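**Q** Below is the structure I would like to discuss, written out as structure tokens.
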Amino acid sequence: MTDAHNPAASEGQDRRQFLGKASRAAMIAGLAGGYGGFAAISLRYLYPTGTDDRLWLFVTETSRVRVGESIRYRGPSGETINITRQARNGDADDFIALSSTCPHLGCQVRWEAQNNRFHCPCHNGVFDPSGVAIGGPPGDAGQQLSRYELKVESGLLSIAVPPNRLAGADQKGEILAADDETSGPGHDPCLSCQQIHDSRMARSEDPRSANRSRST
Amino acid sequence: MNAVSRWIGERLPVSGRQFKELTNEPVPYHLKRWWFALGGTPAYLFIVQIFTGILLAFYYEAAPATAYRSVELITNEVAFGWFIRSVHKWAATLMIAAVILHQIRVFFTGAYRRPREINWFIGMCLLMCTLLTGFTGYSLVFEQLSFWGATVGANIADTTPLIGPFLKNMMLAGSSYNEATLSRFFILHAAVLPVTIVMLIAVHITVIRLQGVTEFRFKDEEGGTPKTFNFFPDHLYTELIIGLILMILLSALATIFPATMGPQANPLQTPEVIKPEWFFYVAFRWLKLFGGTFAILSMGFIIFTMFTWPFIDNWLRKHTKFQEASVWVGVVGALTVISLTVWEAVARH
């Protein structure tokens, strides 16, 4: 029985109410802190750990690339890279390694030594020797070719490329022949379409293939 | 606010009030005593296990060539991986301990007696599943001890009369530990056993709800003590507090005693001392004491007796003068388990 006129009783009730509220608040804070902390830990656990996700691979001897010359290199994940020699000081700064994939629509850019530029045949994208776009759609969009780190040790040129995590232990790159129209990531979709188109045209002009297609 | 609740109410015609009334069963007053809330503890820890287990499965690879490396990656490289793995390991230990304590409480209070025999049976199934989950989980790390533990476990199963070789083949996916064994353990540990446990818990709780919790009165209770209290919010608060305490305990244990890595499994080199996890110490010591087929058969007999104890107890109480036989059987059983466990823990061989 509570007595409204009894100050001691009402004080006791106030205290009980306050304690009730305080314990409820402590409970909510504890639950939010404890489980919220655990949820935060779980999210951080799931987020990939930021390890150095690069692999140093040997490319070639520096003496085999002349100034102004470019080699095409394919990393273990299939990306193609133009490695161009621009000076003869004997260190890594002589070289520049740029992705051969045009940032516009993914065609393959080529080094043109005579023009001292990279050129994309699809939409006439032009890049200066440092990979910055200076003409065509990538130039308008202010894009640039992505760059890879290089190092030279005892006359041996190495490149830092992303490893192929799906290939198992065998991680290697290769130097491509100058006329190798490569496939894989960053292949040239426009040129491929052009080639298919050309071959179809050639077949339709060929009377033997026309006969064959009629008979089937 | 009203508009929001009306919008939700139209699309999800579930009444919170009705749901509360439906589930708000009166809880016997003795559940205010903490040790009677032990049944909720393994259930809570099981949720922790599911959560941390799913997290671990993001990185774990169940193949002999990669399993150890993936656990090492979790422990040493992934952010908070050591913590998640340690919580998983400690929650397993606490879960098994809580299941055993819950069972001891149910046993000594006679809460398994008519009409609750079936729920005791389901509880025994839950105990077996929990132990099996512990065994398969221990094997996944692919350490020396977990590899040899699994090998010894399979060889023990092999000595079972008639079905031994079949059991061993089913366990190891072949006549000996091979590249398919780990994935078998993994599927058992991460899919088959947890799903079975979830279903058993659902039946266990449904039966409790249907029959109501056994009511106890205590001599020290005051005269006006009510018979029951509300599930919402009183009992829910109790469970929440237990959950918080367990969380603090798990975090502390995981931080102070984190899970470590033993040497990688080497099928060509048997370790000098092979020990299973602590909850199998009793079975391991029993095997060492009696050996071979007798040990297997006697263990099978003991487990069978545990499953059917409510009926045996009923028969003893009806047809003999041993009305309190269960207490003595329980005391002897508990002491045997404790002493064999301690013996195995301190003995080198």
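Just so it is clear, none of the values below were taken in a lab; they were calculated from the coordinates. Owing to the predicted nature of the structure, the values given are computational and were not obtained by experimental measurement. Counting neighbours? That spans all protein chains shown, and the Cβs are built from the backbone with ideal geometry, glycine included.
**Q** Pop out the ³J(HN,Hα) list for the stretch B:306-315 in order, Karplus 6.51 cos²θ - 1.76 cosθ + 1.60 with θ = phi - 60°, rounded to Hz; leave Gly and Pro as x.
**A** For the stretch B:306-315, the Karplus-derived couplings read 4, 4, 9, 3, x, 6, 4, 4, 4, 5 Hz, x marking Gly and Pro.
**Q** Add -39500 (n - 2.57) for each DSSP H run of 4 or more in chain B, then divide by its residues: what number comes out at 222 nm, to the nearest 500 deg cm²/dmol? Walk me through the intermediate numbers first.
**A** Values: 14 runs with 229 residues, N = 349.
The per-residue figure over chain B is -22000 deg cm²/dmol.
**Q** Another question, if that's okay. With point charges of +1 on the Cβ of Lys and Arg and -1 on the Cβ of Asp and Glu, referenced to the Cα centre of the protein assembly as shown, which listed residue (A:VAL67, A:ALA8, B:LEU246) lies farthest in the positive direction of the dipole?
**A** After comparing all options, I get A:ALA8.
**Q** Still on this model: When Lys and Arg each count +1 and Asp and Glu each count -1, what net charge do the other residues less than 13 Å away from A:TRP111, Cβ to Cβ, add up to?
**A** After counting each charged neighbour, the total is +2.
**Q** Evaluate peptide B:234-245: per residue, the Cβ atoms of other protein chains within 10 Å of its Cβ; return the mean as an integer.
**A** Details: counts 0, 0, 0, 3, 0, 0, 4, 3, 0, 4, 6, 1.
Going residue by residue through B:234-245 and averaging, the value is 2.
**Q** Arrange the following residues from fewest to most other Cβ atoms within 10 Å of their Cβ: B:PHE147, B:PHE322, B:PHE186.
**A** Values: B:PHE147 26, B:PHE322 13, B:PHE186 20.
Sorted ascending by nearby Cβ count, the order is B:PHE322, B:PHE186, B:PHE147.
**Q** Quote the Stokes-Einstein diffusion coefficient, in whole µm² s⁻¹, for the stretch A:55-183, based on the Kirkwood radius over alpha carbon pairs, a temperature of 20 °C and a viscosity of 1.002 mPa s. Don't skip to the answer; put the middle values down first.
**A** Values: Rh = 14.9 Å.
Answer, rounded: 144 µm²/s.
**Q** May I pose another question? When chain B is modelled as a GNM with alpha-carbon springs shorter than 10 Å, which of B:LEU188, B:LEU210, B:LEU101 fluctuates the most?
**A** Of B:LEU188, B:LEU210, B:LEU101, the Gaussian network model singles out B:LEU210 as fluctuating most.
**Q** Taking the number of other C-beta atoms within 10 Å as the exposure measure, put B:ILE208, B:ILE296, B:ILE84 in order starting with the fewest. List each step's numbers first, then the result.
**A** Numbers: B:ILE208 16, B:ILE296 21, B:ILE84 27.
Ascending Cβ contact count within 10 Å gives the list B:ILE208, B:ILE296, B:ILE84.
**Q** How many angstrom separate the Cα center of the stretch B:146-218 from the Cα center of the stretch B:67-132?
**A** 12
**Q** While we're here: Need the C-alpha centroid separation for the stretch B:227-280 versus the stretch A:77-134, integer Å.
**A** Distance between centres, Cα-based: 57 Å.
**Q** Can you tell me the dipole magnitude for the stretch A:55-183 around its Cα centre, using point charges on the Cβ only (Lys, Arg +1; Asp, Glu -1), in Debye to the nearest 20? Before the final figure, lay out each step's value.
**A** Working: 12 positive and 16 negative charges, 8 e Å.
The calculated dipole for the stretch A:55-183 is roughly 40 debye.
**Q** Follow-up. Normalising by the residue count of chain B, find the relative contact order in percent from Cα pairs under 8 Å and 6+ residues apart. Kindly include the intermediate steps, with their values, before the conclusion.
**A** Details: 323 pairs, mean separation 90.2, N = 349.
Here the relative contact order equals 26 percent.
**Q** Still on this structure, please answer the following. For the stretch B:275-349, count the residues as N, evaluate 2.2 N^0.38 Å, and divide the Cα radius of gyration by that value, please. The partial results should precede the final answer.
**A** Numbers: Rg = 14.6 Å, N = 75, 2.2 N^0.38 = 11.3 Å.
That works out to 1.29 for the stretch B:275-349.
**Q** I've got another one for you. Counting partner chain Cβ atoms within 10 Å of every residue's Cβ in A:37-48, what's the average?
**A** Details: counts 2, 10, 1, 1, 7, 7, 2, 4, 14, 7, 2, 2.
Taking the mean over all residues of the peptide, I get 5.
**Q** What nm value, rounded to one decimal, do you get for the distance between A:SER23 and B:GLU25 when each label is placed 7 Å out toward the C-beta?
**A** 2.6
**Q** So, one more: Dipole size in debye (nearest 20) for the stretch B:275-349 around its Cα centre, Lys and Arg Cβ +1, Asp and Glu Cβ -1?
**A** Working: 7 positive and 4 negative charges, 26 e Å.
Using only the charged Cβ atoms, the result is roughly 120 debye.
**Q** Put a dot 7 Å past each Cα toward the Cβ at B:ILE50 and B:ILE274; how far apart are the dots in nm?
**A** A separation of 3.5 nm, rounded to one decimal place.
**Q** OK, next. Given N residues in the stretch B:28-271, what is its alpha carbon radius of gyration divided by 2.2 N^0.38 Å?
**A** For the stretch B:28-271, the normalised Cα radius of gyration is 1.16.
**Q** If I model a spin label at B:THR66 and B:GLN264 as a point 7 Å from the Cα along the Cα→Cβ vector, what separation in nanometres do I get?
**A** It works out to 1.4 nm between the two label points.
**Q** So, R0 is 22 Å and r is the distance between the beta-carbons of B:PHE58 and A:ARG54; what FRET efficiency does that work out to, to 0.05? The partial results should precede the final answer.
**A** Details: r = 23 Å, r/R0 = 1.06.
FRET efficiency, B:PHE58 to A:ARG54: 0.40.
**Q** For every other residue with a beta carbon closer than 13 angstrom to the beta carbon of B:GLU72, add +1 if it is Lys or Arg and -1 if Asp or Glu, then tell me the sum.
**A** Details: positive: B:ARG69, B:ARG85; negative: B:GLU61, B:GLU77, B:GLU143.
For residues surrounding B:GLU72, the net value is -1.
**Q** Taking R0 as 41 Å, what FRET efficiency do you get between B:ASN169 and A:GLU174 from their Cβ-Cβ distance, rounded to the nearest 0.05? Let's see the in-between values first.
**A** Details: r = 47 Å, r/R0 = 1.14.
Efficiency, from the Cβ-Cβ distance: 0.30.
**Q** List the residues whose amide H sits under 5 Å from the amide H of B:PHE229, counting only those 5 or more places along or on another chain, with H placed 1.01 Å from N in the peptide plane.
**A** So B:PHE229 has HN proximity to B:VAL27, B:TYR29.
**Q** OK, next. Over the alpha-carbon set of the protein assembly as shown, divide Rg by the Kirkwood Rh and report the Rg/Rh ratio to two decimals. Please report the intermediate quantities before stating the final value.
**A** Values: Rg = 35.2 Å, Rh = 30.8 Å.
When Rh is taken as the Kirkwood radius, the ratio is 1.14.
**Q** Would you kindly derive the ³J(HN,Hα) couplings of the stretch A:125-139 from the backbone phi angles with the Karplus curve 6.51 cos²θ - 1.76 cosθ + 1.60 (θ = phi - 60°), listing them in order in whole Hz, with x for Gly and Pro?
**A** x, 10, 10, 6, x, 8, x, 7, 6, 10, x, x, x, x, x
**Q** Would you please state the base-10 log of I(q)/I(0) at q = 0.14, 0.19, 0.27 1/Å for the stretch B:126-197, with intensities from the Debye formula using one equal scatterer on every alpha carbon?
**A** Here log10 of I(q) over I(0) equals -0.40, -0.74, -1.29.
**Q** Same structure, new question: With θ taken as phi - 60° and the coefficients 6.51, -1.76 and 1.60, list the Karplus ³J(HN,Hα) couplings across the stretch B:153-170 in order, rounded to whole Hz; mark glycine and proline as x.
**A** Residue by residue, the stretch B:153-170 yields x, 5, 5, 5, 4, 4, 7, 4, x, 6, 9, x, x, 4, 4, 4, 4, 5 Hz.
**Q** Could you tell me the calculated FRET efficiency between A:SER10 and B:ILE248, based on Cβ-Cβ distance and R0 = 35 angstrom, to the nearest 0.05? Show your work: numbers first, answer last.
**A** On the way: r = 37 Å, r/R0 = 1.05.
For A:SER10 and B:ILE248, the calculated efficiency is 0.40.
**Q** Same structure, new question: In the neighborhood of B:MET299, defined by Cβ-to-Cβ distances under 15 Å, what is the net charge if each Lys or Arg adds +1 and each Asp or Glu adds -1? Write out the running numbers ahead of the final one.
**A** Working: positive: B:ARG285, B:LYS288; negative: B:ASP158, B:GLU344.
Local net charge: 0.
**Q** Next up: Kirkwood Rh and Cα-based Rg: tell me the resulting Rg over Rh for the stretch A:52-97, rounded to two decimals. Please report the intermediate quantities before stating the final value.
**A** Values: Rg = 11.2 Å, Rh = 11.4 Å.
On the Cα set of the stretch A:52-97, Rg over Rh gives 0.98.
**Q** To make sure I understand, if each residue's beta carbon is the centre and we count other beta carbons within 10 Å, what order do B:LYS321, A:LYS151 fall in, fewest to most? Before the final figure, lay out each step's value.
**A** Numbers: B:LYS321 7, A:LYS151 13.
By the 10 Å Cβ count, ascending: B:LYS321, A:LYS151.
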